[in-house]
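Enquirer: Structure provided below as structure tokens; questions to follow.
The values are calculated or read from the model by the stated rules, or taken from the named source; none is laboratory data. Only a predicted model underlies this, so the values are computations on that prediction, with no experimental measurement involved. Here the Cβ positions follow ideal geometry from the backbone for every residue, glycine too, while neighbour counts run over all protein chains shown. We work out accessible area using only protein heavy atoms, side chains counted, and drop any ligands, DNA or RNA first. Shrake-Rupley method; radii C 1.70, N 1.55, O 1.52, S 1.80 Å.
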Amino acid sequence: EKSSRIVLGDLVGAEHELLDEIHKRLVQCFLDFVILMELSRRPFSSQDVVTLIDNKHQILLKSDMVSNCLNTLERDGLVKSNANSGKRIFTLTERGKETTRKFLDAKASSLGLLLSLFISE
């Protein structure tokens, strides 16, 4: 009986690790959407984004990854930056605001599509 508890405990631990890894990969893969949604609430610097994701998702991203993503979003016209006290502060452009609105409108469809990747009938 005691050994079955250990095995079940290991299974729960392994499941927790797997879910943590999936969560981390989803945040990394959809970092642009995560950033856009956070910027819809208020302006951020790249370091603010790193701190926010660490606090909210317990995932410490490299600042280069966040900076590259922000630069791509800026190049795509979704965000703009302004220098403020030596650091760049990012805000959504009108195109970025429209994109976040469309994303929120399509949230249920997007979730269904994502789930269909993992669940077969």
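Enquirer: Can you work out which of the residues in the stretch 63-78 that are in contact with a Gly (Cβ under 8 Å, 6 or more places away or on another chain) and assigned to a loop (DSSP other than H, G, I, E, B) is surrounded by the most Cβ atoms within 10 Å (Cβ to Cβ)? Quick ask: steps written out before the conclusion?
Expert: If we filter the stretch 63-78 for residues that are in contact with a Gly (Cβ under 8 Å, 6 or more places away or on another chain), which is where we start, we get 73, 77-78.
Checking which are assigned to a loop (DSSP other than H, G, I, E, B) leaves us with 77-78.
Details: Gly77: 12, Leu78: 23.
Among those that are in contact with a Gly (Cβ under 8 Å, 6 or more places away or on another chain) and assigned to a loop (DSSP other than H, G, I, E, B), it is Leu78.
Enquirer: Here is a list: Leu52, Leu19, Leu60. Which entry is in contact with a helix residue (DSSP H, G or I) (Cβ under 9 Å, 6 or more places away or on another chain), loosely packed, with under 14 Cβ neighbours inside 10 Å and at pLDDT below 95?
Expert: Working: Leu52 fails: loosely packed, with under 14 Cβ neighbours inside 10 Å; Leu19 fails: in contact with a helix residue (DSSP H, G or I) (Cβ under 9 Å, 6 or more places away or on another chain).
From the options Leu52, Leu19, Leu60, the qualifying one is Leu60.
Enquirer: Would a scan of the stretch 83-103 turn up a residue that is part of a strand (DSSP E or B), exposed (fewer than 12 other Cβ atoms within 10 Å of the Cβ) and of a type in the set (A, V, I, L, M, F, W, C)?
Expert: Yes.
Enquirer: Further question: When both residues are 6+ apart or on different chains and their Cβ atoms are under 8 Å apart, which pairs have a first residue that lies in the stretch 88-115 and is in contact (Cβ under 8 Å) with a residue 60 or more places away in the chain, and a second that is open to solvent by 40 Å² or more (accessible area, probe 1.4 Å) and not polar (S, T, N, Q)?
Expert: Phe103/Phe33
Enquirer: Looking at (1) modelled with pLDDT of 95 or more; (2) within 11 Å of Ile35 (Cα to Cα); (3) under 16 Å from the mean Cα position of the chain (by Cα), which is the only condition Thr91 fails?
Expert: The number of the failed condition is (3).
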